[in-house]
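Below is one structure; the comments refer to it alone.
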Amino acid sequence: MDYQAVLDYIREAVEPKFGKGKVADYIPALAGVPGGKFGMAVQLADGRNFKTGDADEAFSIQSISKLFVLQMVMSHFGDMVWTRVGKEPSGDRFNSMIKLEMEHGVPRNPFINPGALATLDLLMSLKGDTKQRIRNYLRYLALNDSVEVDPVVAKSEYEHANLNRAMAHLMKGYNNIHMDVDDLLDTYCYQCAMAMSCVDLARAGLPLAMGGYSALHDASIISTSQAKRINAVMLTCGTYDSVGSFAYRVGIPAKSGVGGGILAVVPGKMAVCVWAPELDTFGNSYVGTAALEMFTSLTHTSIF
Ligand code: DON
């Protein structure tokens, strides 16, 4: 398979789709990102990689960070995480609170905002600086020591975090948040504001594709069972309330973020990351979803 030709073809084929989605503006610092950006990177199991467009440009990873925090928490706490969050799709927006009270402060899954807050709360119970722990882990996964937070995005997000703050307080009322809410939100905004490129994220996603093993690191980063489970949660919950149509169109586990990135995994073969900042109404990259749909069709990599 000529992956370079496939990526270059997709970059041209998605051109007419620009201008139909909308760059996230509920976090003001994200609103200024040019909508016409497009990058895509493939990281194969054997170490080869391919890229096109703006694949080396760092962008705000936003909710893609939830994937890596879940990995860290599962490595430290194992199945205990499932006492704090569920593993069912929510059918609601990523920042919805509608089910949270009815379900006694236990979020449906770790990828909606309340679930990510509960997961992070668990990570913060470990000794040491959680921000540094997250940053170091991302640097290690991406094999890139210049991975850094965007402090402007982090601040802007913290200043506009009313819904996330409300969720955290609600969960604290149900004893499902143990940390100080301000500290939790500050750390959550930090993880979301990490800036990484498609190339970085495709590297970081390789262990999920390969049963936990990364040839780039020559190491097992997570266990095979963790990789299997996280992929299942990605497939069923990773693209929020459009997860059904995403599976229908793209057909591989994926995690999106409102920065316009989507990290997807072809089990046993590769990790693929796309970035295009204009979002659909569900908060997933509009052009990015179309690009991944083309990718799995052209390379016959849908798992279905
Ligand atoms: O909490 C928020 O709203 C953002 N930091 C993350 C949301 C996000 O990326 C959801 N993704 N589609």
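Summary table
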read-out	value
Residues that are within 12 Å of the ligand (Cβ to nearest atom) and part of a loop (DSSP other than H, G, I, E, B), drawn from region 278-304	D280, T281, F282, G283, N284
In region 247-259, the residues that are in contact (Cβ under 8 Å) with a residue 24 or more places away in the chain, open to solvent by 10 Å² or more (accessible area, probe 1.4 Å) and out of contact with any helix residue (DSSP H, G or I) (no Cβ under 6 Å at 6 or more places or on another chain)	A247
Spans of helices (runs of 4 or more DSSP H) in region 30-146 with at least 3 residues open to solvent by less than 50 Å² (accessible area, probe 1.4 Å) and closer than 29 Å to G268 by Cβ	65-77, 113-124, 130-142
Residues satisfying the stated conditions in region 147-164, i.e. of a type in the set (D, E) and open to solvent by 30 Å² or more (accessible area, probe 1.4 Å)	E148, D150, E159
Matching residues, region 260-296, being open to solvent by less than 10 Å² (accessible area, probe 1.4 Å), over 19 Å from P34 (Cβ atoms) and among the small types (G, A, S)	A264, A271
Residues within region 25-61 that are within 12 Å of the ligand (Cβ to nearest atom) and touching a strand residue (DSSP E or B) at 6+ places or on another chain (Cβ under 7 Å), tallied	4
Cβ pairs under 6 Å, 6+ apart, first in region 162-180 and closer than 16 Å to I98 by Cβ and away from the ligand (no atom under 16 Å from the Cβ), second of a type in the set (G, A, S) and part of a loop (DSSP other than H, G, I, E, B)	Y174/G105
Within region 157-202, tally of residues that are farther than 19 Å from R135 by Cβ and not hydrophobic (A, V, I, L, M, F, W, C)	14
Condition met for G211 (touching a Ser or Thr at 6+ places or on another chain (Cβ under 8 Å), open to solvent by less than 10 Å² (accessible area, probe 1.4 Å) and under 23 Å from Y3 (Cβ atoms))	no
Selected residue (criterion: farthest from the ligand (Cβ to nearest atom)) from residues of region 2-24 that are open to solvent by 20 Å² or more (accessible area, probe 1.4 Å) and of a type in the set (A, V, I, L, M, F, W, C)	A5
Complete set of residues in region 247-277 that are part of a loop (DSSP other than H, G, I, E, B) and more than 18 Å from V199 (Cβ to Cβ)	V250, G251, I252, P253, V258, P267, G268
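The values are calculated or read from the model by the stated rules, or taken from the named source; none is laboratory data. As the structure is a computational prediction, the values presented were derived from the model and not from experiment. Cβ atoms come from the backbone with ideal geometry, glycine included; neighbour counts cover every protein chain shown. Each accessible area value is taken on the protein alone, full model and side chains, heavy atoms only, with ligands, DNA and RNA left out. Shrake-Rupley method; radii C 1.70, N 1.55, O 1.52, S 1.80 Å.
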